[in-house]
1. For a quick check: sort Leu62, Leu147, Leu126 by the number of other beta carbons within 10 angstrom, fewest at the front.
2. Taking the Cβ of Val130 as the center, what net charge do the other residues with Cβ under 12 Å away carry, scoring Lys and Arg +1 and Asp and Glu -1?
3. Give me Leu104, Leu245 sorted ascending by neighbouring Cβ count inside 10 Å, so fewest comes first.
4. For the peptides 94-103, 172-181, what is the packing order when you average, over each peptide's residues, the other Cβ atoms within 10 Å and list the highest mean first?
5. Using per-residue counts of other Cβ atoms within 10 Å, averaged over each peptide, order 83-91, 232-240 from highest down.
6. Ranked by Cβ crowding within 10 angstrom, fewest neighbours first, how are Arg247, Arg70, Arg132 ordered?
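Where a number appears in this text, it was derived from the coordinates with a stated rule and is not lab data. Bear in mind the structure is a predicted one, so any value in this text is a computation, not a measurement. Cβ atoms come from the backbone with ideal geometry, glycine included; neighbour counts cover every protein chain shown.
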Amino acid sequence: MNEPMEYLKSSVSQKGNCFCGLVTRNGLVKAFSSILLLVSTHSALAVQSVTAIALFNDRAMLSLDGKKARIYKVGQRIDNFVLVSSDTSSAIIEIDGRRQPLSLNSGTILTKSLGAQVNRVGPARLELTVNRDGFFEVDGEVEGESLNFLVDTGANLVVLSSDAADSIDLDYSEGFRTIAATASGNSPMFLVLVDDLRIGTGGNVIELDDIQVGVIEGRFPQQPLLGMSFLSRVSMQREGDTMVLTR
């Protein structure tokens, strides 16, 4: 589909050619309203985040909004953006005339540049207090199973060890297999999409769906990491020893 304004112009032209001299003023208004509805629907369904899973010369394997990755060619329009270039080290996408780089396993959030809205489960505000080691922790659930997360803005994804995933019966065996660099070296990692991830307790909960999670084989990390595949979809503000998350 073309950009919304281009689509709008061509649609108006097609309506004019088709009904020239036969459509009343009210009919034209009705047709125009239908076009606006299509444009509005297109914007609401626009891609909000892009993650580079694998990079090749003139091709890139991309995950859109945390969904199953696919390979796209340079020059290909993908919903609301274009893959401009790609090699084995980086890729460039273009949206609304602005170019943004992508590096391997890093995510780019497109929501702000589009003015699109992220689906919200409900408003919430969590205040986290730094622990004695200088980190922020929060209790949460992955598809209904309890975990305690370490908040890590340096992690591209929510990350679990395979031990932690097994403990909550999270099936990652069919996930996309890649490699993660850890403190002990490179380790196999599986990328999966979880239907529901929430943090907080009681009635004060932030809940998101369709969250990309990396499961690393073995015991690393010892504590699940709440990374940017979740945090990029909430507002974060740190005030001294307190971090405020709002949604």
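1. If I rank by nearby Cβ atoms, fewest first, I get Leu126, Leu147, Leu62.
2. -3
3. Ordered from fewest to most neighbouring Cβ atoms within 10 Å, Leu104, Leu245 come out as Leu104, Leu245.
4. Those peptides, ordered most packed to least, come out 172-181, 94-103.
5. Ranked from most to least packed, the peptides come out as 83-91, 232-240.
6. The most exposed by this proxy come first: Arg132, Arg70, Arg247.
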